[in-house]
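Since every read-out is calculated from the coordinates, none of them should be taken as a lab result. Only a predicted model underlies this, so the values are computations on that prediction, with no experimental measurement involved. Positions of Cβ are backbone-derived with ideal geometry, glycine not excepted, and every protein chain shown enters the neighbour counts.
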Amino acid sequence: MKSRSTVVSRLIFPAAARGDVIDMLLSLPGDLRPTHHRIGERERRQPIGDPVAFRDWKLTRGSFFLLAPRATYDLDIDPPDLPAVCAGYKMPASLAKEYLAHMASAGPLFGYCCANEEEEHRHWLVMKLPDGGLRAYYGWNIDKYVPGLYWQTLVSDGLLEKHDIPLSILDEIALERTDLGRGLHLFRFHEKPEDWRANTAIDKAFDAAPGFFDLQKVRSQLTPTDDHRDLLRQLEPWD
C-alpha cells in the first residue's frame, strides 16, 4: 500500500562528487526536478535556466536551495573539502525510492528518506536549560559511525565495512533490499514511513552493532547539567 504522506531526506556524498550531485538533482524525473533556486529562505526564487551554466556557477557558491514542484532541496557543498550534504523536504513518500535510486548515480556514501517525526526521533536533541536550552541535529558524521536506519535507507558497502557492521544485520530486519550497483544498497525497513514507531527491530540492530549512531544511547550517557558549555562538551564525541 502506498503512503500519501510526505517525507524528509538527507544524503551524504564525497566532497569530490559536488558537481555530480548538482547534475543528478537537475536531471531528476518529473515533479522532483528543480525548476528554481534561491540562496536564503527569504530570497526571491529565480529560474535555474541552463543546467550546465547553473552547475558551474553554484559550485562557487557553497549552499543554496533548489525548488521543485513537489520537493525542496537544501544543498550544502561548502567548504569544498568536506562531504556534500543534500537535505530534502516535502517529498511525496511515493517518490522516495525513485529519488534515492536516481541520486545513487552521484555515489552517495549514505542517505535516507523517512517521516519527519522519525528523523526528529533519531537525530534532533532537544534539552531544556536555564538559558533557554538546546536544539541541535546530531549523528551525521560518517567518519565516526553509520548515522542510522530509517524507512528507506541507502548505504554503501564501504561505510558498513568502515564501522564493522555486517550487511547481514540489515538483511535480517529489512522488508526489501535493492542493490543499486557500485556497492550501494537501498533498504526499506517498514511498510510506510508513518510505521516507524512500531518497528522495534531497528533498535535491536543498534544494540547488535555499536557502529550505528543511536540518539537514545547518547541521551542515556549524558550527565545531568544546567550548564550549556558542559552539555556541549559532553556531546563533542557525536558532533
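Observations on the model:
- Against the test of being in contact (Cβ under 8 Å) with a residue 24 or more places away in the chain, in contact with a His (Cβ under 6 Å, 6 or more places away or on another chain) and either surrounded by fewer than 18 Cβ atoms within 10 Å (Cβ to Cβ) or closer than 26 Å to R18 by Cβ (or both), the options D157, D164, D131 yield a single qualifying residue, D131.
- Pair list, Cβ < 9 Å and 6+ apart or interchain, from region 52-74 residues that are of a type in the set (F, W, Y) to residues that are in a helix (DSSP H, G or I): F54/I22; F54/L26; F64/K58; Y73/L25
- Among the residues listed as L159, L67, L75, L100, the single one being in contact with a strand residue (DSSP E or B) (Cβ under 8 Å, 6 or more places away or on another chain) and within 27 Å of K217 (Cα to Cα): L159
- Filter result (exposed (fewer than 12 other Cβ atoms within 10 Å of the Cβ) and under 15 Å from G19 (Cβ atoms)) within region 58-76: T60
- Among the residues of region 183-239, those that are under 25 Å from G158 (Cα atoms) and of a type in the set (F, W, Y) comprise F187, F189, F206, F212, F213, W238.
- Close contacts from region 167-196, counting a first residue that is in contact (Cβ under 8 Å) with a residue 60 or more places away in the chain and a second that is acidic (D, E) and surrounded by 14 or more Cβ atoms within 10 Å (Cβ to Cβ), with Cβ to Cβ under 6 Å and a gap of 6+ residues or different chains, come to W196/E118.
- Of all residues in region 195-239 being within 17 Å of the chain's Cα centre (by Cα) and of a type in the set (D, E), the one that is nearest to L160 (Cα to Cα): D214
- Restricting attention to region 186-239, the residues that are basic (K, R), part of a helix (DSSP H, G or I) and under 18 Å from E172 (Cα atoms) add up to 1.
- Within region 167-185, if we keep just the residues that are touching a strand residue (DSSP E or B) at 6+ places or on another chain (Cβ under 8 Å) and in a helix (DSSP H, G or I), the residue that is surrounded by the most Cβ atoms within 10 Å (Cβ to Cβ) turns out to be L170.
- Subset of region 88-116 that is in contact with a Lys or Arg (Cβ under 8 Å, 6 or more places away or on another chain) and surrounded by fewer than 17 Cβ atoms within 10 Å (Cβ to Cβ) - its residue that is farthest from D20 (Cα to Cα): S94
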